[in-house]
Structure formats: structure tokens, C-alpha cells
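To start, the structure under review is shown below, and the notes come after it.
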Amino acid sequence: GAPISVRKSKERTVLDFEKGTVNTFSDTDERVLSYNEDEGDSAVIFSKGDLVITGEGSVNIEAKFNKGIFSRKDITLKGANLNIVSFDDGIRSNDSTLIERSKLHIVSGGDGIHIGDNNRDIKGKILVYDSDCSILSEYDGIESAGDVFLCGGKIDITAAGGSTGR
């Protein structure tokens, strides 16, 4: 399953990577147990609740089975330095995503960043603020059910298939 899987949390989960560290997480391309996306088998870093990734440490994620990072709620990246290579979506949340003062490099077989809206409550938004993002994706670079806000920084997207690819 997932190297980091948060299935029960009453508050948000915070992963804080210390300055000067290099942190590497990966999975295999198969599952020993039966696959269950609701139980956290669908990403290298999975959370059923809100997920915050912060700190000045470098984080390398290699998702051979499915997604790189997946939260059933919100994802916040604050000052994060992420390198993600993913079989499917690089980053996926079901509510909203905030990327603030972060550096992202994503290579994905699905969408680079995918923001859904499973509850149909008009969340599904993404805000990228003062960040440097490089996305190479097989489908959409950024797919969002709601609004996409870009405020400062740089985003470089190369997408192969786009929405018509699936």
C-alpha cells in the first residue's frame, strides 16, 4: 500500500520536511492485498482528511501503481519542494488545493494536478500563489472542477492528451 496513509484524523494532517533533508517515498506497481482506493491504496501519500505538506526539505515521490499525492479533502502545499513521477495523477484532491511559495516538478501518466468536487458543493478550486511549477502530463496539466487562480510565480505545462484523451 501507501508509504504514508492517513485514514483517521480528526484534524488536518501536517507533513513538515526539515530544511536540508532529502525525503524519498515510492511504491510498487502492484498490490499484495486487494486494491481499495477508499482505504488509501491509491497513492504514495494518502489522506482521508485535509493534508498539509510544508517545510524546506526536498520530497521525491515515485508512484508506480497509481497517484503521487491524494487527499479526499483539501491539500495545502506551503513552501514545499516536490518532485513527483506518477503512473496516474501527480496530485489529486477531492475538494481544493492551495500551492503557496512551493516548487513542483511533476511527470504524470494522468493529470498533473487534478481537483475534483465529489460533494458537488462548488469546491474543487486551485490557487497557485508565488510558486514555480513544471508539469509534464499524459492528460491534463491542471484539471479542476472549479476555478483556477494563478497569482505570481511560473507554471510550465506540457500536456499530451488533455480532456479529450480520456
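The values are calculated or read from the model by the stated rules, or taken from the named source; none is laboratory data. What you see is a predicted model, and the numbers here were worked out from it, not measured in a lab. Methodologically, a virtual Cβ is constructed for each residue, glycine included, from the backbone with ideal geometry; neighbour enumeration extends over all protein chains shown. Ligands, DNA and RNA are excluded from the accessible area calculation, which covers all protein heavy atoms including side chains. Shrake-Rupley method; radii C 1.70, N 1.55, O 1.52, S 1.80 Å.
Side notes on the structure shown:
- Complete set of residues in the range 92-126 that are at pLDDT below 95 and of a type in the set (A, V, I, L, M, F, W, C): Ile115, Ile122, Ile126
- Members of the range 1-18 found to be without any contact (Cβ under 8 Å) to a residue 40 or more places away in the chain and open to solvent by 80 Å² or more (accessible area, probe 1.4 Å), listed by number: Lys10, Glu11, Asp16, Glu18
- Residue match in the range 116-124 (condition: open to solvent by 70 Å² or more (accessible area, probe 1.4 Å) and β-branched (Val, Ile, Thr)): yes
- Within the range 43-62, the set of residues being surrounded by 19 or more Cβ atoms within 10 Å (Cβ to Cβ), at pLDDT below 95 and farther than 13 Å from Val6 by Cβ is empty.
- Leu127 aliphatic (A, V, I, L, M) and surrounded by fewer than 22 Cβ atoms within 10 Å (Cβ to Cβ): yes
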